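Trainee: Would you mind keeping the following structure in view while I ask a few things?
The values are calculated or read from the model by the stated rules, or taken from the named source; none is laboratory data. Bear in mind that the values here come from a model prediction, so they are computed numbers and not experimental data. Every residue, glycine as well, gets a Cβ built from its backbone with ideal geometry; the counts of neighbours run over all protein chains shown. Side chains are part of the model used for accessible areas, which takes the heavy atoms of the whole protein and leaves out ligands, DNA and RNA. Shrake-Rupley method; radii C 1.70, N 1.55, O 1.52, S 1.80 Å.
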Amino acid sequence: MSLFNVYPLFNIVPFIAKDMYVYDENNVKYLDLYGGHAVISIGHSHPKYVKAISNQLQKIGFYSNAVQNPLQEKLADKLTSMSNCKGYQLFLCNSGAEANENALKLASFYTKKTNVLAFKNGFHGRTSAAVAATDNAKIVAPINAQQKVDFVDLGDLEAVETVLKKGNTCAVIIECIQGVGGLDESTTAFYQGLEILCKTYNTLLIADEVQAGFGRTGDFFSFKKHLITPDIISMAKGMGNGFPIGGILIHPKIKASYGLLGTTFGGNHLACSASLAVLDVIEEQQLLQNATEISAYFLAKAKKLPKLKNTKGRGLMLGLEFDFPVAEIRKKLIHKHQIFTGSASNPNVLRILPPLTITKAHVDVFFEALKKALI
């Protein structure tokens, strides 16, 4: 049986990974500045993480949500203390797309409305409503296109209000820093204005923190910088350091009822153990602080780069924008210098999404290689 060929693949076979490095089957060492789409938050194969999952597997790996699982409550408590999102309720699932799907569904249940407002260049997943709210017509199938979604420019409050005035929008979904779209973000005034408009027109505000959450920006969630209170917060990627887990934090004004949401695998014992280990390591190794410090060092080094047009993003969710497509630069970095980096829907942006354990020495290695690749 052949694989369904939907991924353009680099000719690399990772075999072992540790902290900032991935080793292929020939023991060639690659510096990982992409973390598998911002998933590796505490470094590959962190010993505390490996131990937590291994120990849990020896006890019980899975049972359904028909029984009590104290690890879910422990995870909820730890999330509250580290994110300072007090009063929110936790629903666990398996991925970022599923998190956004449940967020949109819950908003529709709550408001009794059908439409969604999303932003141009945004990405929210590849499932039913989540992909419809993603600004990429190539991945929206006709069955998804039945969803009613309005797209407006990021930062345009007037356009937002024009849509919300119609009275049929259940949710506004937004990445405070756009990931796949190329690291664009707006102003605090915009995000705060967006929150006010949502309250005015009985629309729920969903903060998509799937990529930016769990400390990647230096704040636990990227929206924290703007002092807003979303109605629902979606998360995944760095939440499990590679173990599939996602979830939404739900404002207390939204009431639960039996059967409202559901999942088979979401919040299983192994997933909760993985995420608890991630939170412990972030706290113990002060990785939020490290993200802020390394970001400042990275951006200072970037200013000295030739041919650089702009730097984008925050913390360790960064983009280097040039006046030309970066596809060849990425190939040089991976094949000549053994460094993984990322792309964006903006072809001129090189995305940097390393594990939060990155050091200044790793940054130095990257910039030396990048200078050579730019020649």
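Trainee: Can you tell me the equivalent ellipsoid semi-axes for segment 175-326? Use √(5λ) from the Cα gyration tensor, largest first, whole Å.
Mentor: For segment 175-326, the ellipsoid semi-axes come out as 30, 22, 14 Å.
Trainee: Wrap a convex hull around the Cα atoms of segment 207-281, take a quarter of its surface area, and give that in square nanometres.
Mentor: 5.6
Trainee: Further question: Over segment 191-240, what relative contact order in percent results from Cα pairs under 8 Å that are six or more residues apart?
Mentor: Taking the mean separation of contacting Cα pairs over the length of segment 191-240, I get 45 percent.
Trainee: Got the relative contact order for segment 105-166 handy, in percent, Cα pairs under 8 Å and 6 or more residues apart?
Mentor: Computed value for segment 105-166: 33 percent relative contact order.
Trainee: Now a separate question. Counting only other residues whose beta carbon sits under 14 Å from that of residue 18, what net charge do I get with K and R as +1, D and E as -1?
Mentor: -1
Trainee: Go through segment 313-353 and name the trypsin sites (Lys or Arg not before Pro) that are in a DSSP coil and have 14 or fewer other Cβ atoms within 10 Å of their Cβ.
Mentor: Those satisfying the criteria are 336.
Trainee: Write down the Å³ per residue value for the convex hull defined by the alpha carbon atoms of segment 1-105.
Mentor: 215
Trainee: Cα convex hull of segment 240-363: mean projected area in nm², to one decimal?
Mentor: 11.1
Trainee: Under 8 Å for C-alpha pairs, at least 6 residues apart: give me the relative contact order for the chain, rounded to a whole percent.
Mentor: Once divided by the residue count of the chain, the mean separation gives 23 percent.
Trainee: Might you tell me the accessible area per residue for the chain, computed with a 1.4 Å probe and given in Å²?
Mentor: 47
Trainee: Tell me, what % of the accessible area of the chain is carbon and sulfur with a 1.4 angstrom probe?
Mentor: 54
Trainee: What share of the DSSP beta bridges in the chain is antiparallel, in percent to the nearest 5?
Mentor: 65
Trainee: Would you mind checking 18/59; 74/105; 336/371; 120/301 for any pair whose Cα atoms are more than 19 angstrom apart?
Mentor: 18/59; 74/105; 120/301
Trainee: If you add up the charges near residue 183, with Lys and Arg at +1 and Asp and Glu at -1, over every other residue whose beta carbon is less than 13 angstrom from its beta carbon, what do you get?
Mentor: Local charge sum for residue 183: +1.
Trainee: Along segment 298-305, what does the Karplus equation 6.51 cos²θ - 1.76 cosθ + 1.60 (θ = phi - 60°) give for ³J(HN,Hα), rounded to whole Hz, x for Gly and Pro?
Mentor: So the Karplus estimates, Gly and Pro as x, are 4, 5, 5, 5, 5, 4, 8, 6 Hz.
Trainee: Bin all alpha-carbon pair distances of segment 298-375 at 5 Å intervals from 0 and give each bin's fraction as a whole percent.
Mentor: Result returned by the calculation: 3, 15, 30, 32, 17, 3, 0.
Trainee: Based on Cα positions only, what radius of gyration and what Dmax would you give for segment 74-150, in angstroms?
Mentor: Answer for segment 74-150, Rg first and Dmax second: 14.4, 43 Å.
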